[in-house]
Amino acid sequence: WHVLEVFAASCGGWLGGIPVSAGVMRANCTLSMVSSAKAAVPTVSDQAAAMQLSQCAKNLATSLAELRTASQKAHEACGPMEIDSALNTVQTLKNELQDAKMAAVESQLKPLPGETLEKCAQDLGSTSKAVGSSMAQLLTCAAQGNEHYTGVAARETAQALKTLAQAARGVAASTTDPAAAHAMLDSARDVMEGSAMLIQEAKQALIAPGDAERQQRLAQVAKAVSHSLNNCVNCLPGQKDVDVALKSIGESSKKLLVDSLPPSTKPFQEAQSELNQAAADLNQSAGEVVHATRGQSGELAAASGKFSDDFDEFLDAGIEMAGQAQTKEDQIQVIGNLKNISMASSKLLLAAKSLSVDPGAPNAKNLLAAAARAVTESINQLITLCTQQAPGQKECDNALRELETVKGMLDNPNEPVSDLSYFDCIESVMENSKVLGESMAGISQNAKTGDLPAFGECVGIASKALCGLTEAAAQAAYLVGISDPNSQAGHQGLVDPIQFARANQAIQMACQNLVDPGSSPSQVLSAATIVAKHTSALCNACRIASSKTANPVAKRHFVQSAKEVANSTANLVKTIKALDGDFSEDNRNKCRIATAPLIEAVENLTAFASNPEFVSIPAQISSEGSQAQEPILVSAKTMLESSSYLIRTARSLAINPKDPPTWSVLAGHSHTVSDSIKSLITSIRDKAPGQRECDYSIDGINRCIRDIEQASLAAVSQSLATRDDISVEALQEQLTSVVQEIGHLIDPIATAARGEAAQLGHKVTQLASYFEPLILAAVGVASKILDHQQQMTVLDQTKTLAESALQMLYAAKEGGGNPKAQHTHDAITEAAQLMKEAVDDIMVTLNEAASEVGLVGGMVDAIAEAMSKLDEGTPPEPKGTFVDYQTTVVKYSKAIAVTAQEMMTKSVTNPEELGGLASQMTSDYGHLAFQGQMAAATAEPEEIGFQIRTRVQDLGHGCIFLVQKAGALQICPTDSYTKRELIECARAVTEKVSLVLSALQAGNKGTQACITAATAVSGIIADLDTTIMFATAGTLNAENSETFADHRENILKTAKALVEDTKLLVSGAASTPDKLAQAAQSSAATITQLAEVVKLGAASLGSDDPETQVVLINAIKDVAKALSDLISATKGAASKPADDPSMYQLKGAAKVMVTNVTSLLKTVKAVEDEATRGTRALEATIECIKQELTVFQSKDVPEKTSSPEESIRMTKGITMATAKAVAAGNSCRQEDVIATANLSRKAVSDMLTACKQASFHPDVSDEMRTRALRFGTECTLGYLDLLEHVLVILQKPTPELKQQLAAFSKRVAGAVTELIQAAEAMKGTEWVDPEDPTVIAETELLGAAASIEAAAKKLEQLKPRAKPKQADETLDFEEQILEAAKSIAAATSALVKSASAAQRELVAQGKVGSIPANAADDGQWSQGLISAARMVAAATSSLCEAANASVQGHASEEKLISSAKQVAASTAQLLVACKVKADQDSEAMRRLQAAGNAVKRASDNLVRAAQKAAFGKADDDDVVVKTKFVGGIAQIIAAQEEMLKKERELEEARKKLAQIRQQQYKFLPTELREDEG
């Protein structure tokens, strides 16, 4: 429940903290709520609560999906009205503020419940930024002419203004100053008025997007609104005082603009003393301003007033000091430094003002701290320049001021101080501590020796090192705080506003240094480097953000902003190069002018990036996290404090080095500093994020592994206690839920372990929390499973998952989130992969189990999850074009439609198969959703993408309903109402598939037509394959007495029409989609027609000449294949430029098409010419093989893989075809040549396909693959040479040429041998020859075992027939028969399996070779075993039938006895066959003997039971004797007649049996022949 409370609190935080305007974020937040609820489910121990939470989460997800679909449809209908609606809202707000003003005038304006001045002021400050951001987006959308997003931006602006108006009214009602209240309401009303004008102008700009005048007017109105917004914020309490202070600083600074300063009237020492005092006061005031921002608004007003007064005094003292300067140059330098202090002071007040307005703004605290440090540094620079103290004194004073300024960093580090990672912090601390140690030694040494310049330098170095240590300590403390599992981890947004703000600040400071007249060449170079570094980082961040966002306006804006920043940087760099060459005033002025556009571009980008839609959610540090920070902060504070004392002590020693007590004090402070730094390093190392959590998690998972091992042992010993408190369905759902959540954590843990130390603790703790529920659920499920094998599978897979998670945690702990620990990253990746595989394995098992019993919750969740990903704003980077994704979406859509149709059929015939079909549909939809998301992302225009996404989501809803109905029907297969509903759902799915396809067609009509045409052509190719089979079988006949001549002209005419369509298709790739669609449709229609006329032509040749029929059909099949490739190439080349690689592919495909059509025409002309048709067929085959070889050599991966055995089997076809080709070359008969051509085509094609599929098997190494592909190519090339040589012989038959055939055939044979060896190597030691008798024997044995098991299952289902009441006493007999028959079936099954093991043993012992040199050598043994195995299977099958017939009353007990005896006899033969060569003492032989004995015992039991029944029946049959004489005699004669008849039948049956045995004896192996007696 604690988890649920935390979850509910976090959800409330997310929901409460989201601006009303952010519709997208609200949807994403609800999705986060769903995923958090699902993540919490496995950790809730109360079963009822867990199930209720799970169901609520599912319902929420479903409702959210439906709401999203409905809102999208509503948007389609009402989208254009959004701007008008926003305008009405703003007008209403303006009127409300006018009413509030009237109420204020009459003193009737009262605050609403819960409103306070502080709260309303903060709301107004934070909302002002949201208004500014949404207005920036409104301007961008309107400028781009995007109506949809302009409407969205207008709506969000109106919502933000609503919050602003409420806050302004609250401030006015809560303030006690009537004038301030009136000013606030007036300024807020001005904002509303300006905003209404802005929205109106945006609406006008949409009408004419390119109108420059309207764009300019829009920009002017936007500036006016921005000004009104600033005025509104300035009306807040305390803001005016800061503005007054800023104005005062500005007025005071005008004193620095005079041409010459009056000479000083004071002595130098007095002026210097006053300057030092004024500097100390100003530095202290700066600290008070920083502190005041954390308090009430009145505190900031007082602090800023005091700061401006102190600044005034400091400026007067500085000017007095400038008057003391001896030269004009010195005076200019002093004035320059005073100007820098003036600018830094203004920036400090602006930062304080900004923070007080919006305390939650990202990085605001850091910007304020940086501004305070800038004031201190600029004061130090002036003091260093102006004062003439003893050497080393001013360095000590400067260092003390710097240390005082950085101390604030350690007060409450709940924000990142820098970009340093945890491990960077450790490195920084180590480096700075080393520098500090050396400089402290230098301070002591130089104070002793009196080398004061070196002393001053060491103090400066020590100060910088201490500042670096403090910064690193504060950042490390922040990272330790947020990494605590109780802290709320932050979530990364689209951009990091802190990074943008830091870059903005750094670029502004660098530009200021660039244009400063006092900057040296090295400073200019350093500033240029800083600018280049930060602008590059900003451009990269823009690029990433544009690729992640789904908002097209934001995408374009980021790209445009990056271009502006890059261009202005390039212009600035040119002026810097010129300045570096010549530091003239003119060059410096050019540099100043070039900085302005850069600063403006960066500021605009920073403003846009602060949009709430893009920002991250900052981490919240818990109280436990704060406690973890304490040791680091205490050590750092002690270090700063003791360092300050040390520097003060050193300062006095520099003046008086002969004071022993002071040296003693210095040593004490030095020791304290050293100890505090050691403590700091230890604290940071001990608190390494995630390490402690990894240890706890490892211990927890080890405990879980021990528990699962105990459960496995209990399961093995059949003593696993069944859980009766919960149903198996609930347990399966729990297990599925927890495994899914574990799966979701794998990638985040791997990412954290590689480079996000702060996230590591959170993720591993979350992972470990799932393993206890996992073990409980897995053991519970196993305890409910009756099948021992399934039970062990679940437990083993769960244990594997736990062990892989343990491996993952060890790897994660080693990596620790350190991006520099590259040596650990491979182990992390490998552990993650193993864990994913373990999750997949257990999910497959669970889904199979669930689908068998109609549980479809997991499938529904999977479809819903795939649907939710469609709306993710950050789709992966597309790797293909729209056409690529269009093709795959069509494929999966059609697969779903086919599955839906199958489900309709199976709902009536086999409802139990619906689970597998539902699982298939779920898998297909998962692929479809991803591909649909990519298709939508790459579609142009955006509306098409939106439509594709919407329709794919609609299809998802349909799939969910269909899957749910399939589950319901599996649970209750006879429910006719559910069947009707399922059929309706299936029809709806088919309908929605057609809507998806139509949306894709709208995306690109031409390519969609190509996809449809390609499908039609593949159907034609399949049909032609079937026709070839009929022709080969000699059953392809004409329906009437027509001849080929009747069809020739029609074929030629249609072929020419196809050539014309081909030309249109090729040209269509570069033309409009409509023309391409027309060409694709036309070519598909023509090839259909051509295939039909060629089939008719082939049939007219008559079935007497099947080879010629096959030649003709192969020719049209080649054309169809070429057209399919051409359509595919056209689709890929559509709308591409002329120099695109796909255009070259198109040209290549067109050439092949022309070649194949020409070949068809030649074949048609030669088909009736008996003298040339063989030659023609051979030429066509050679061309076809060349094309097949090109496909084989391409880099395309085959869609499926096959085993190396398949590859070996296909080489036999090549061997046969080679022999045929040599024979045809020698005979030169056209019939032989045609047969060779047809056989060659099939043999080579099958070999190449099998070789490529086998070589791309996942278990085959790259080296093996390359070898197999090489020999496949060599074999084909050798065979081509052979065929071409046969062609030469046909044209010029000479003995010399015929003699060369042997050499060509040897080359092919050599290549085939190499290919077989390559396949053998792919297979490894498991390779077998399919023709090996040993293998055949094993196959037969396994087949026999399968037959026996099937028979045993049949027996299991048998029940004794119901009998009349009087026959009760024989009921036992049927039961006995069935039990005995079942035991025989079980025993024969074991027997055949044992025989299989025995055979393997013989092979291993070498008594039977795995691949005998001559198969006949071991033929007898193999045949003996095969025939015996077959006999066992056949006899067992007969036995089952006899048992069935017997218990049903259809057969006699004699038949049953005979069948049982036959089982025993065939078992004996099997044992004899094995004994011939087997080792009598071997384990396998003993098992075989035991199995044989079991069969014999079972058979004997059955025979005894049957005989007993038969004798019992004989005893019980009372013969009724007739009492009359004649009747009695007749009865005796009839009985004698029947006896003689039976004796004759018995004699005939014996003879028949003897004949059968004699006939069988001839075919039995010698080992099995036995004496008749």
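The values are calculated or read from the model by the stated rules, or taken from the named source; none is laboratory data. All values derive from a computational prediction rather than experimental measurement. We place every Cβ from the backbone using ideal geometry, glycine too, and count neighbours over all the protein chains shown. Heavy atoms of the whole protein, side chains included, go into the accessibility calculation; ligands, DNA and RNA do not. Shrake-Rupley method; radii C 1.70, N 1.55, O 1.52, S 1.80 Å.
Any idea what the alpha-carbon Rg over 2.2 N^0.38 Å comes to for region 232-300? Write out the running numbers ahead of the final one.
On the way: Rg = 16.5 Å, N = 69, 2.2 N^0.38 = 11.0 Å.
Scaled against compact globular proteins, the figure is 1.50.
Looking at the P(r) of region 134-185, how many percent of alpha-carbon pairs lie beyond 17 Å?
Across region 134-185, Cα pairs with separations above 17 Å total 50 percent.
When the distances between all Cα atoms of region 601-680 are binned every 10 Å from zero, what whole-number percent does each bin get?
Computed distribution, short to long bins: 16, 25, 17, 17, 16, 9, 1.
Quick one: which of 710-721, 1299-1310, 932-943 comes out on top by average Cβ neighbours within 10 Å, and what's the full order, highest first? It would help to have the intermediate numbers written out before the result.
Numbers: 710-721: 14.1, 1299-1310: 15.9, 932-943: 20.4.
So the peptides 710-721, 1299-1310, 932-943, ranked by packing, come out 932-943, 1299-1310, 710-721.
If you plug each phi of region 623-632 into the Karplus form 6.51 cos²θ - 1.76 cosθ + 1.60 with θ = phi - 60°, what whole-Hz ³J(HN,Hα) values come out, in order, with x for Gly and Pro?
5, 5, x, 5, 5, 5, 6, 3, x, 5
What is the packing order of peptides 568-579, 312-323, taking the mean over residues of other C-beta atoms within 10 Å and listing the highest first?
312-323, 568-579
Just to be sure I understand the model, the point goes 7 Å from the Cα along the line to the Cβ. What's the resulting Val898 to Lys407 distance in nm?
Inter-label distance under the simple model: 7.8 nm.
Rg and Dmax of region 967-1084 over Cα atoms: what are they, in angstrom?
Cα radius of gyration and Dmax of region 967-1084 are 22.1, 63 Å respectively.
Starting at 0 and stepping by 10 Å, how many percent of the alpha carbon pairs of region 1145-1304 end up in each bin?
Per 10 Å bin, starting at zero, the Cα-Cα P(r) for region 1145-1304 comes out as 10, 36, 32, 18, 4, 0 percent.
Using DSSP to call loops (not H, G, I, E or B), can you name the GluC sites (Glu not before Pro) in region 1014-1057 whose Cβ has at most 14 other Cβ atoms within 10 angstrom?
Loop-located and lightly packed - Glu1039, Glu1042.
Which order do Met1264, Met409, Met1539 take by accessible area at a 1.4 Å probe, largest first?
I get Met1539, Met1264, Met409, largest accessible area first.
Translational diffusion coefficient of region 1215-1259 at 20 °C, 1.002 mPa s, Stokes-Einstein with Kirkwood Rh over Cα pairs, in µm²/s as a whole number.
So the translational diffusion coefficient is about 185 µm²/s.
Would you check the accessible area of Lys555, probe 1.4 Å, heavy atoms only, in square angstrom rounded to 10?
Here the accessible area works out near 80 Å².
Residue-wise, which Karplus ³J(HN,Hα) couplings in Hz belong to region 192-197, taking 6.51 cos²θ - 1.76 cosθ + 1.60, θ = phi - 60°, and x for glycine or proline?
5, 5, x, 5, 4, 5
Please calculate the 1.4 Å probe accessible area of Thr1215, with all protein chains present, and give it to the nearest 10 Å².
Probe radius 1.4 Å; accessible area of Thr1215 about 80 Å².
Leu846: accessible area at probe 1.4 Å, nearest 10 Å²?
10 Å²
Of the peptides 1168-1181, 826-839, how do they stack up when ordered by the mean number of other Cβ atoms within 10 Å, highest first? Could you put the intermediate results ahead of the total?
Values: 1168-1181: 19.9, 826-839: 18.3.
The packing order, highest mean first, is 1168-1181, 826-839.
How many angstrom separate the Cα center of region 423-449 from the Cα center of region 1045-1097?
85 Å
Starting from the Kirkwood Rh over alpha-carbon pairs, what translational D in µm² s⁻¹ does region 700-791 have by Stokes-Einstein at 25 °C and 0.890 mPa s? Provide the component values of the computation, followed by the final result.
Working: Rh = 14.5 Å.
Translational D for this selection: 169 µm²/s.
Determine the order of Met1210, Met509, Met135 by accessible area, beginning with the largest, at a probe radius of 1.4 Å.
Descending accessible area places them as Met509, Met1210, Met135.
Give the Rg (one decimal place) followed by the Dmax (whole number) of region 751-835, computed from C-alpha coordinates and expressed in Å.
15.6, 52
In whole Hz, with x marking every Gly and Pro, tabulate ³J(HN,Hα) for region 375-384 from phi via Karplus 6.51 cos²θ - 1.76 cosθ + 1.60, θ = phi - 60°.
4, 4, 5, 5, 5, 4, 4, 5, 4, 4
If you roll a 1.4 Å probe over the heavy atoms of the protein chains, what accessible area per residue do you get for region 166-237, in Å²?
Computed with neighbouring chains in place, this is 44 Å² per residue.
How many angstrom lie between the C-alpha centres of region 1187-1210 and region 761-789?
Between the Cα centres of region 1187-1210 and region 761-789 lies a distance of 43 Å.
Could you tell me the distance between the Cα centroids of region 1234-1297 and region 538-555, to the nearest Å?
52 Å
How much of the accessible area of region 979-1065, probe 1.4 Å, is carbon plus sulfur, in whole percent? The partial results should precede the final answer.
On the way: 2440 of 4310 Å².
Carbon plus sulfur share of accessible area: 56 percent.
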